[in-house]
Amino acid sequence: MPEPKCLPCLPATATPSPLHWQEARHWTRRRRLEHLIRRRFAEEHGATVTQLLPRLFGLWQGDWPLAAVGVRSAASGPLFQERYLDVAAERLLAERFARPVARHQVAEIGNLASRRPGLQRPLFLHLVDQLGREGIGWLLFTATPEVANGIRRLGLTLEPVMVADPARLGAERACWGRYYERRPWVMAGDLRRAHRELGARGLLPAPRPPAAEVGHAHLA
């Protein structure tokens, strides 16, 4: 009788690959982030996401995103946050922080989503580092109390601007499901200060070369 062939030994459990931060610059990765954002907003708020920000970043494990956040520069046009405001974003920030603010220094963030708890902290640390290195000085965003408290736990100072009034959205309000039941606020933040303070505490991620994305066409 022939001897049985030996099969290769496999580890009992596979070691998960480490998380890495990366902007989705190709359509395949962007679609994966869009899917994560839409699914999590539907699950958490019964919302249908109709607007996705021009730049999407994610915390990735291999080729799959575990958390996502979107960014729009005010230099590119009107911000979603300005629908809640009575004045332009740069004017509001200049009044609140009592210093000159140029529009190209302002960005908004949104489309925040994650597959599991605990990912908001590394997501925001990477985001502060990314935008700080790009020269963004000021952030505007809408945050539920849970999200705002998570940011404050990093030791960052947020300036509450106003309650986000869904009546400002018109018919689009119906797409947001239960989101506005959480009483979100429009918040403002001094990104340069946040970048400086987090860097001084050694909390910002170590610099790393950009990950290559090959084999797919760029989005316009």
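Taking Gly118 as the residue in question, decide whether it is over 10 Å from the mean Cα position of the chain (by Cα), under 30 Å from Pro18 (Cβ atoms) and of a type in the set (Gly, Ala, Ser). Give the steps one after another, and end with the answer.
Values: over 10 Å from the mean Cα position of the chain (by Cα): yes; under 30 Å from Pro18 (Cβ atoms): yes; of a type in the set (Gly, Ala, Ser): yes.
For Gly118, the condition - over 10 Å from the mean Cα position of the chain (by Cα), under 30 Å from Pro18 (Cβ atoms) and of a type in the set (Gly, Ala, Ser) - is met.
Using beta carbons and a limit of 9 Å, which pairs, at least six apart or on different chains, have the first residue in segment 18-34 and among the hydroxyl-bearing types (Ser, Thr, Tyr) and the second one assigned to a strand (DSSP E or B)?
none
Scan segment 146-166 residue by residue and report those that are under 21 Å from Glu44 (Cα atoms) and more than 16 Å from the chain's Cα centre (by Cα).
Val163, Ala164, Asp165, Pro166
When the residues of segment 89-114 are filtered to those that are assigned to a helix (DSSP H, G or I) and within 23 Å of the chain's Cα centre (by Cα), which remaining residue is surrounded by the most Cβ atoms within 10 Å (Cβ to Cβ)?
Filtering segment 89-114 for residues that are assigned to a helix (DSSP H, G or I) and within 23 Å of the chain's Cα centre (by Cα), the one surrounded by the most Cβ atoms within 10 Å (Cβ to Cβ) comes out as Leu93.
Checking Gln130 against (1) touching a Phe, Trp or Tyr at 6+ places or on another chain (Cβ under 9 Å); (2) surrounded by fewer than 15 Cβ atoms within 10 Å (Cβ to Cβ); (3) modelled with pLDDT of 95 or more; (4) not hydrophobic (A, V, I, L, M, F, W, C), which test does it fail?
Here Gln130 meets the rest and fails (2).
Report yes if some residue within segment 142-159 is at pLDDT 95 or above, under 24 Å from Pro18 (Cα atoms) and touching a helix residue (DSSP H, G or I) at 6+ places or on another chain (Cβ under 9 Å); otherwise report no.
Scanning segment 142-159, I find no residue that is at pLDDT 95 or above, under 24 Å from Pro18 (Cα atoms) and touching a helix residue (DSSP H, G or I) at 6+ places or on another chain (Cβ under 9 Å), so the answer is no.
Taking only segment 46-63 into account, find how many residues are of a type in the set (Lys, Arg) and on the phi > 0 side of the Ramachandran plot.
0
Out of Glu44, Glu3, report the one residue that is over 16 Å from Arg178 (Cβ atoms) and either surrounded by 13 or more Cβ atoms within 10 Å (Cβ to Cβ) or at pLDDT below 95 (or both).
It is Glu3.
Among the residues of segment 58-78, is any outside any helix (DSSP H, G or I) and of a type in the set (Val, Ile, Thr)?
Yes, segment 58-78 contains a residue that is outside any helix (DSSP H, G or I) and of a type in the set (Val, Ile, Thr).
Kindly evaluate Leu93 against the criterion of being within 24 Å of Gly177 (Cα to Cα), touching a helix residue (DSSP H, G or I) at 6+ places or on another chain (Cβ under 9 Å) and not hydroxyl-bearing (Ser, Thr, Tyr).
No: the conditions fail for Leu93.
Given the criterion surrounded by fewer than 22 Cβ atoms within 10 Å (Cβ to Cβ) and at pLDDT 95 or above, identify the matching residue among Gln120, Gln81, Gln61, Gln51. Step through it out loud before you land on a result.
Numbers: Gln120 fails: at pLDDT 95 or above; Gln81 fails: surrounded by fewer than 22 Cβ atoms within 10 Å (Cβ to Cβ); Gln51 fails: at pLDDT 95 or above.
On inspection, the qualifying residue turns out to be Gln61.
Out of the residues in segment 179-210 that are aliphatic (A, V, I, L, M) and either touching a strand residue (DSSP E or B) at 6+ places or on another chain (Cβ under 6 Å) or touching a residue at least 40 places away in the same chain (Cβ under 8 Å) (or both), which is surrounded by the fewest Cβ atoms within 10 Å (Cβ to Cβ)?
Per the criteria, the residue is Leu203.
Looking only at segment 64-73, count every residue that is touching a Lys or Arg at 6+ places or on another chain (Cβ under 8 Å), crowded, with 24+ Cβ neighbours inside 10 Å and of a type outside the set (Gly, Ala, Ser) and tell me the total.
Here the count works out to 1.
The values are calculated or read from the model by the stated rules, or taken from the named source; none is laboratory data. Because the structure is a prediction, the values reported are computed rather than measured. All Cβ positions, even for glycine, are placed from backbone atoms using ideal geometry, and neighbour counts span all protein chains on display.
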